[in-house]
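Read the structure below first, then the notes.
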Amino acid sequence: MMCEKIPNRTMSFSGYGLAFTRTFARRRGANPVWYLDITLGHDWLTGPINNMVDAVREIARDPSEGGEDAAADADILRLTPFIEQMGNPSGTRKEFWWEREWRHVGHFRFQFADLVVVFAPEEEHDEFEEHLREIKTRGRLPSLVDASWGLERMIAALARVPEPGPFPD
């Protein structure tokens, strides 16, 4: 679903990606995105966040306050990478909460053995598997999944079941 064309979506995503367990990601500083409702009249969270960001902008512009160096240390800037707006502002629908997105700031370091799933288009799975076997030093190969598959087929691939059933997509 995330890679399909969705009406009015301004971003397009490829079918390539890596997946890790939540525990692994959390240990390395990843965090679920915090969605703030920006629908008109629902500003009880967005207002205070925007005010804090605006205050940091003012600090950055004012050399007597320490300028950009002081602004760079503002606590709100440690939070904003994990905040995303959603809702229906002025008739434009922006709803991503169902994606359950996680984010990480900076380099995300991992070993091959930490991979759980590699997302790639199905027609490239043989090539990906060959490459993964070449770089694997120990442990198991991660499951290969096509992001366009249905849930049943993904579960079958994760469980390494060769025949996912009569309705895999």
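Results for (1) small (Gly, Ala, Ser); (2) in a helix (DSSP H, G or I), shown as yes or no for each residue.
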{"position": "109", "(1), (2)": "no, no"}
{"position": "113", "(1), (2)": "yes, yes"}
{"position": "118", "(1), (2)": "no, no"}
{"position": "123", "(1), (2)": "no, yes"}
{"position": "128", "(1), (2)": "no, yes"}
{"position": "132", "(1), (2)": "no, yes"}
{"position": "137", "(1), (2)": "no, no"}
{"position": "140", "(1), (2)": "no, no"}
{"position": "154", "(1), (2)": "no, yes"}
(request) Determine which member of the set 76, 59, 49, 38 is under 24 Å from residue 102 (Cβ atoms), in contact with a Gly (Cβ under 8 Å, 6 or more places away or on another chain) and either surrounded by 14 or more Cβ atoms within 10 Å (Cβ to Cβ) or at pLDDT 85 or above (or both). (result) 38
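The values are calculated or read from the model by the stated rules, or taken from the named source; none is laboratory data. Please read these numbers as outputs of a predicted model, since none were measured by experiment. For neighbour counting, all protein chains shown are included, and Cβ atoms are generated from backbone atoms with ideal geometry for every residue, glycine included.
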